[in-house]
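The values are calculated or read from the model by the stated rules, or taken from the named source; none is laboratory data. Only a predicted model underlies this, so the values are computations on that prediction, with no experimental measurement involved. So basically every Cβ, Gly included, is an ideal-geometry build from the backbone, and we count neighbours across all protein chains shown. Remember, those area values only see protein heavy atoms, side chains included, never the ligands or the DNA or RNA. Shrake-Rupley method; radii C 1.70, N 1.55, O 1.52, S 1.80 Å.
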Amino acid sequence: MKNILQFLGRQKKKIFLGLLGVFVILQVFRPETNDGTSYSANDITNAVGVPPAVKTILETSCFDCHSNHTNYPWYSHIQPTAWWLSDHIKEGKREVNFSEFNTYTVRRKMKKFREIAEQIEEGEMPLDSYLWIHSDAKLTGEQKKTMIDWAKMNEQILEKKYPDSVPPRKH
């Protein structure tokens, strides 16, 4: 019995050292970082009016995943967390990239404003997983109203200016 326990102890040690080795090797493989600039000729501030309160909310609660610049937390340098964050940011930018918003078609801008309002109303944004670490990004009731009103107002402005570009509404 003693021999079996010694054998199992050696196996656990080998497994632990093997996993530790894999973890150390993983640290060499790093994803590309999202460290461009948030503001450029194509950003949202050049597409529509962005009041200071909205700009602050966007910077605090949205830009890390939805712009060309992410303020990375300390744990973003540890694999495989960095890969997860990288995928999350790429997906966020595919949905809406505020640094490239002015390159969108009028129809896409309208759709994005509609989605911004809907997702904030439904509590889908900011994501809960983001708020676990970034508690300052949690929107107050007043901030939610500010963002929803701003998004709906911009959607309506574009709809009036470009009635032929209005995307279909979901029922």
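Miscellaneous remarks
- Reach of K144 by Cα under 17 Å, taken over aspartates and glutamates that are not fewer than 8 positions away in the same chain: E59, E115, E118, E121, E122, E124, D128, D136, E155
- Listed candidates (i) 15.5, 55; (ii) 22.2, 83; (iii) 20.3, 64 - label of the one calculated as Rg and Dmax of the Cα atoms in Å: (ii)
- With all protein chains modelled, accessible area of T105 [1.4 Å, Å²]: 90
- Helix-only CD estimate at 222 nm, as mean residue ellipticity for the chain, using -39500 (n - 2.57) per DSSP H run (n ≥ 4): -18000 deg cm²/dmol
- Evaluated at q = 0.16 Å⁻¹: base-10 log I(q)/I(0), Debye formula over Cα of the stretch 71-111: -0.52
- The residues of the chain present an accessible area of 65 Å² per residue when probed at 1.4 Å with all protein chains retained.
- Area accessible to solvent at R10, 1.4 Å probe radius, in Å²: 130
- Positive-end extreme of charge dipole, the chain - chosen from S129, T140, A41 (charges on Cβ): S129
- Rounded to 10°, Cα long-axis angle of helix 2-26 versus longest principal axis of the chain: 40
- Principal-axis analysis of the Cα atoms of the chain puts helix 81-95 at an angle of about 20° to the longest axis.
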